[in-house]
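Everything below concerns the one structure shown next.
The values are calculated or read from the model by the stated rules, or taken from the named source; none is laboratory data. What you are looking at is a predicted structure, and each value in this text was computed from that prediction instead of being measured. Positions of Cβ are generated from backbone atoms using ideal geometry, with glycine treated the same way; all protein chains shown enter the neighbour counts.
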Amino acid sequence: MSSRSKLLISVLFIAAIILCIALTRMYLDGAKNTGHTDANDQVKSIVRTYGSMRVFESTNGYYGILNEDDAVMIEPEWMEVLDVTDSLVVVSRRIEDAVLIGGIDYEENVVLPFVFSSMEPVGNGYFLGTVAEDDSILVYDRAFRLAFPRSYEKAEADDSGMLSLTVSDCVFDYYLGGDSPVLRRASMTSDICGVALQWRVANQVYLNDLNENDLLRINKIVTSYMLMLQESSFDELPAISASDYIAGLTKPGSFAGMAFDEISGFSFASADGNSAYDFSFTASYHLTEAESEQMPGTAVQVQLRFRRNTDNKMILTSSNLNFQGAASAVTEPEDEGTE
């Protein structure tokens with residue numbers, strides 16, 4: 001046999017070996033993604049069952065998932081398997097010095113980022129995910145879709161199916177017992193020139209029409225508008241109202257020199273059907289002796305009206321200031337229209 005023939009046979013032999021290796025790798029990869037990895041010598045014990053799926057501890061001390069045919073669906077590469085759904089598995093792994101929680105699909109692609117320090121069930125299939133970086137809380141449904149479009153500073157659930165979510169010192173109470181969360185109460189805190197006003201809405205008719213964004217925006221507008229009145233500076237007014245209403249909302253010098261002592265007597269009620277909402281409260285104040293001669297009284301009744309604009313945002317459309325004497329000032333909280 002010539003040297004050229006020997007060389008050709010050697011090349012063909014090497015090529016055949018490479019092809020066999022490639023086919024073997026392709027088969028193993030395909031088995032991993034289609035649930036046919038052999039479980040022999042991997043399973044130490046079964047720790048939990050989710051329908052036909054079984055979480056197992058492997059001989060290497062990590063956790064994976066077997067299907068009903070004892071094939072490995074999720075390789076034992078995870079520190080813990082926390083939950084199993086039809087499309088997603090919640091697992092934890094060590095990243096640098098922290099153990100973080102995320103979610104993978106059954107091809108082991110990351111579909112829920114590994115940013116959570118905890119993932120706690122709160123009833124009826126909802127989960128609270130605490131972000132490790134800042135301790136903010138995200139709420140997920142059973143399919144691990146975001147149930148609410150924002151993060152929260154605090155979340156508390158009780159056995160009755162209620163979930164209380166806190167953002168910017170405002171608390172929203174949701175009932176989780178139905179097909180989707182239902183807003184039952186909103187407790188708002190507004191800073192009126194350094195004095196706190198706490199107001200709440202529990203009327204279900206209003207809460208069916210108003211959402212978190214509406215109530216937070218109303219709360220912010222109340223704070224902003226009162227500050228503009230006190231400072232007699234209305235540069236920020238276009239951000240909370242519309243050009244059609246701005247002229248009537250400016251009251252230069254109305255609160256100049258006033259120091260508020262107490263904010264009370266709020267009322268929140270619908271107006272013009274449910275197309276607008278009236279918000280009012282009483283602001284008690286004290287003046288210097290010289291100022292009190294020009295403007296007698298110890299309280300002002302503030303009345304604000306809100307309406308949605310074409311962008312579906314609540315805007316301030318009218319305001320009224322009714323200065324009162326001590327005898328007529330409202331001092332006890334009112335809550336008409338909030339139950």
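Only one of 131, 84, 99 is under 24 Å from residue 176 (Cβ atoms), modelled with pLDDT of 95 or more and among the hydrophobic types (A, V, I, L, M, F, W, C); which?
Values: 84 fails: modelled with pLDDT of 95 or more; 99 fails: under 24 Å from residue 176 (Cβ atoms).
The unique qualifying residue is 131.
Quickly run through segment 178-227 and pick out the residues that are under 16 Å from residue 167 (Cα atoms) and of a type in the set (Phe, Trp, Tyr).
Scanning segment 178-227 gives a single hit, 199.
Looking at residue 87 and the list (1) in a loop (DSSP other than H, G, I, E, B); (2) crowded, with 17+ Cβ neighbours inside 10 Å; (3) out of contact with any Gly (no Cβ under 9 Å at 6 or more places or on another chain), which single condition is not satisfied?
Residue 87 satisfies every listed condition except (2).
Please state which one of 244, 235, 214 is of a type outside the set (Lys, Arg) and either surrounded by 14 or more Cβ atoms within 10 Å (Cβ to Cβ) or in contact with a Gly (Cβ under 6 Å, 6 or more places away or on another chain) (or both).
Being of a type outside the set (Lys, Arg) and either surrounded by 14 or more Cβ atoms within 10 Å (Cβ to Cβ) or in contact with a Gly (Cβ under 6 Å, 6 or more places away or on another chain) (or both) holds for just one of 244, 235, 214, which is 214.
Can you tell me how many residues in segment 178-211 are crowded, with 18+ Cβ neighbours inside 10 Å and assigned to a helix (DSSP H, G or I)?
Number satisfying all stated conditions: 2.
Identify all residues within segment 96-126 that are among the charged types (D, E, K, R) and farther than 19 Å from residue 76 by Cα; write none if there are none.
Within segment 96-126, 96, 97, 120 qualify.
Take the residues in segment 247-256 that are loosely packed, with under 13 Cβ neighbours inside 10 Å and touching a residue at least 12 places away in the same chain (Cβ under 8 Å), then tell me which one is nearest to the chain's Cα centre (by Cα).
Per the stated criteria, the residue is 248.
Residue by residue, here is whether (1) closer than 19 Å to residue 198 by Cβ; (2) modelled with pLDDT of 60 or more; (3) in a strand (DSSP E or B); (4) hydroxyl-bearing (Ser, Thr, Tyr) holds:
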position: 269; (1), (2), (3), (4): yes, yes, yes, no
position: 277; (1), (2), (3), (4): yes, yes, yes, yes
position: 285; (1), (2), (3), (4): yes, yes, yes, yes
position: 302; (1), (2), (3), (4): yes, yes, yes, no
position: 326; (1), (2), (3), (4): no, no, no, no
position: 333; (1), (2), (3), (4): yes, no, no, no
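Looking for whichever is farther than 24 Å from residue 188 by Cβ, surrounded by 16 or more Cβ atoms within 10 Å (Cβ to Cβ) and in contact (Cβ under 8 Å) with a residue 12 or more places away in the chain here; the options are 143, 132, 155. Which one fits?
Numbers: 143 fails: surrounded by 16 or more Cβ atoms within 10 Å (Cβ to Cβ); 155 fails: farther than 24 Å from residue 188 by Cβ.
Every option except 132 fails the conditions.
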